[in-house]
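Take a look at the structure below.
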Amino acid sequence: MGILRNLQPGEILGQVLALMAELGPQRGHELTLVFMGMGEPLHNLEHLHRALRLMCHPAGLGLGKGRITVSTSGLVSGIEKLSRLEPRPLLALSLNATTDEARSRTMPVNRLWNLARLRKALDDWGPRRGEKFCFEYVLIAGENDTEADAERLADWLGDLRRGHNLNLIPMNEHAASAFREPGEDRVQQFAEWLKARGCFVTVRRSRGRDVQGACGQLVKEASTQRREDAKVMDGH
């Protein structure tokens with residue numbers, strides 16, 4: 001799909017206001033917000049931070065920063081800047097591989113900031129009292145779901161394996177990708193391997209698969225249609 005432009009602070013805030021209005025005055029202030037999905041939040045850090053300030057300020061929305069999480073693919077320069085800003089939200093990190101070779105293949109950001117550099121950024125972040133990291137690991141059959149992967153993942157987490165959340169997310173398949181979802185037995189086995197090594201693990205179930213709206217599927221049909229239209233126009 002490609003990037004078109006970054007959201008302005010008012011556009012970010014507008015989404016939250018719309019949701020709060022839908023939920024009503026009581027539930028609206030009990031929101032738990034996560035910045036993630038289409039695009040890398042830390043590529044738009046200036047506007048993101050301005051929106052965060054308005055969300056958390058008593059004269060703004062008055063939301064607690066402990067209810068707001070920013071998810072990143074591992075943009076170390078952005079993580080370092082975000083760690084020094086106030087209000088500082090919680091941090092979630094998409095790992096998805098346990099070797100630099102595998103992670104660079106599926107996540108090009110790793111070619112700039114490898115796993116060792118990423119781990120150092122988390123140490124430098126220095127979680128404050130009550131702060132927890134959230135780690136996201138998309139399980140792909142035959143790619144990152146072996147016992148050796150589980151062992152390397154636990155080793156990489158080190159002292160962060162306890163007290164922080166590790167979410168296992170079976171891949172959502174779609175026609176544009178050759179990757180496949182592991183079977184349920186493998187998903188549960190991978191979770192058990194990690195638990196045996198002291199990790200706090202949750203298996204996350206995706207919603208929206210029935211309408212191709214789950215994580216990783218949102219632009220699939222539109223992108224495929226554009227390619228088919230281009231073939232017709234080219235006469236192929």
Would region 43-51 turn up any residue that is basic (Lys, Arg), assigned to a helix (DSSP H, G or I) and over 28 Å from Ser104 (Cβ atoms)? yes
Let me spell it out: the conditions are (1) assigned by TED's automatic domain parsing to the domain that holds Leu17; (2) surrounded by 14 or more Cβ atoms within 10 Å (Cβ to Cβ); (3) not aliphatic (A, V, I, L, M), and Asp149 meets all of them except one. Which number is the exception? (1)
Restricting to region 24-42, name every residue that is loosely packed, with under 13 Cβ neighbours inside 10 Å and assigned to a helix (DSSP H, G or I). Pro25, Gln26, Arg27
Per the list (1) outside any helix (DSSP H, G or I); (2) buried (at least 20 other Cβ atoms within 10 Å of the Cβ), residue check on Arg88 breaks on (2)
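Test Arg105 against the stated conditions and say whether it is surrounded by fewer than 15 Cβ atoms within 10 Å (Cβ to Cβ), assigned to a helix (DSSP H, G or I) and assigned by TED's automatic domain parsing to the domain that holds Asp149. First the steps, then the outcome.
Numbers: surrounded by fewer than 15 Cβ atoms within 10 Å (Cβ to Cβ): yes; assigned to a helix (DSSP H, G or I): yes; assigned by TED's automatic domain parsing to the domain that holds Asp149: yes.
So Arg105 fits the description; yes.
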Does region 147-178 hold any residues that are touching a helix residue (DSSP H, G or I) at 6+ places or on another chain (Cβ under 8 Å) and in contact (Cβ under 8 Å) with a residue 40 or more places away in the chain, and which are they? Glu147, Asp149, Ala150, Glu151, Leu153, Ala154, Trp156, Asn172, His174, Ala175, Ala176
Failed item in (1) crowded, with 17+ Cβ neighbours inside 10 Å; (2) outside any helix (DSSP H, G or I), with Leu82 passing the rest: (2)
Which of the residues spanning region 137-146 are surrounded by fewer than 19 Cβ atoms within 10 Å (Cβ to Cβ) and modelled with pLDDT of 95 or more? Thr146
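The values are calculated or read from the model by the stated rules, or taken from the named source; none is laboratory data. Everything quoted here is computed from the prediction, not taken from an experiment. FYI the Cβ positions are ideal-geometry reconstructions off the backbone, even for glycines, and counts take in every protein chain you see.
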